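Bear in mind that the values in this text are calculations on the coordinates, not laboratory data. Note that the structure is a prediction, hence the values are computed from the model and not measured. Here the Cβ positions follow ideal geometry from the backbone for every residue, glycine too, while neighbour counts run over all protein chains shown.
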Amino acid sequence: MDVNDLFSPKNTVDSLSAKDLEQTKDYIEIVKAFARITYQSIYVIDYQLKAFEFVSDNPLFLAGLSSKQVVEMGYGFYQKYVPATDFQMLIQINNAGFNFYENIPLEERKLHVISYDFQIQDANKKYILINHKLTPFFLTEKGKIWKAMCIVSLSSNVSSGNVTIEKLHSDLLWELDLLTENGSPV
């Protein structure tokens, strides 16, 4: 398995326009402030750079490393600290998620949150089940997800998976069946 498998060709961000770049003025300071007031782990993904732009200091997501080390490892962090079966599942979830986003109107893409559970090593080298939520906050002019915020907390479930996509201010909930890779409204 390759880290690059976590990046879908459906969401390749090759270049950014001046309008795209205009979105980013000082936003990371807001993310840092939010990270200071929550118990959850927060991080920011930059899909153009295929990297973590920010990782909070909350130890839940760090596997005993510093946030700086996790940022430097980038997606290699998943390869090292997520079991192979769950890493493969993350690839499936990413592909299904980008398929979903590709089929909704551009103006609705920031209104969705994808949530799923997977195992990750903690500082004691034991696997724990976490819940991972992701929502885009910067899109390119073409509607590709450029940057996304993720929040990690302990999962209340007993196994990996449990993939849903919710739309803000809506009763719509989309659930992914990992065996068939089909999504359906719930």
message = Which log10 I(q)/I(0) values does the stretch 20-172 give at q = 0.12, 0.19 Å⁻¹ under the Debye formula, counting every alpha carbon as one identical point scatterer?
response = -0.50, -1.33
inquiry  = Among ASP14, ASP117, ASP57, which one shows the highest mean-square fluctuation when the chain is modelled as a Gaussian network with alpha-carbon springs under 10 Å?
reply    = ASP14
inquiry  = Nothing charged except the Cβ atoms of Lys and Arg (+1) and of Asp and Glu (-1): what's the magnitude of the dipole of the stretch 27-77 about its Cα centre? Round to the nearest 20 debye.
reply    = 60
request  = Among SER17, ASN103, ILE128, flag the residue with its Cα farthest along the positive direction of the charge dipole of the chain, charges on Cβ as +1 for Lys/Arg and -1 for Asp/Glu.
outcome  = ILE128
Gain upon complete extension [ILE28, SER170; 0.36 nm per residue less C-alpha separation] = 48.3 nm
task = Mind jotting down the distance between the C-alpha centroids of the stretch 84-107 and the stretch 1-79, whole Å?
result = 17
message = Helix-only mean residue ellipticity at 222 nm, the chain, DSSP H runs n ≥ 4 weighted -39,500 (n - 2.57), per residue, nearest 500. What is it?
response = -7500 deg cm²/dmol
ask   = Under unit Cβ charges (Lys, Arg +1; Asp, Glu -1), what dipole magnitude, rounded to 20 debye, does the chain have relative to its Cα centre?
value = 400
